[in-house]
Amino acid sequence: MTSVSVPEPFKVLDGYAECRLVGQVHLEQMVQMATSAIILARERRVSKLLLVIRELTGYASPSISARYTFIKRWADAAQGVVCIAVVTRPERIDPNKFGVTVAFNSGLALDVFTDEEEALAWLLSSQPATKPKPRSEVPPTALAYPFL
């Protein structure tokens with residue numbers, strides 16, 4: 001089921017990178033291709049990525065657990081320095097935008113859209129998230145007194 005055609009899938013444009021994925025794939029293949037694009041953006045020091053996956057077919061709307069898993073993977077790949085606007089089909093967007101919440105909680109600036117212009121406008125006005133400090137780097141008083 002791997003018939004992926006990606007004409008110039010990754011381009012660096014003015015102020016952001018764009019990755020357009022096209023083809024028939026399994027969910028895991030989509031996740032891997034998107035993860036690769038995120039890593040490429042990070043390595044090229046491009047802090048904003050427009051990830052267009054609406055032309056990918058072959059997989060159903062991801063389950064909540066699948067969303068959690070791949071968004072955590074994308075957050076690890078972004079390392080707090082890549083902001084991502086995802087453009088996909090409406091039926092693949094969770095009504096509560098669960099993946100956006102997972103991203104936020106993981107230190108990843110990400111949102112999902114059906115409209116590419118809206119996605120690009122959001123992306124160009126957004127800043128990458130700052131990854132939360134590991135618990136070991138938080139002063140003990142901050143842990144004991146979270147209201148400080």
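Read-outs: derived from the displayed coordinates by stated rules, not from any lab. Note that the structure is a prediction, hence the values are computed from the model and not measured. Note that we place each Cβ from the backbone using ideal geometry, even for glycine, and neighbour counts take in every protein chain shown.
Excluding residues on the same chain fewer than 8 positions from residue 48, give the aspartates and glutamates whose Cα lies under 20 Å from its Cα.
Candidates past the 8-residue exclusion: 8, 14, 18, 76, 111, 115, 116, 117, 118.
Using a basic spin-label model with each label point 7 Å from the Cα along Cα→Cβ, how many nm lie between residue 45 and residue 104?
3.2 nm
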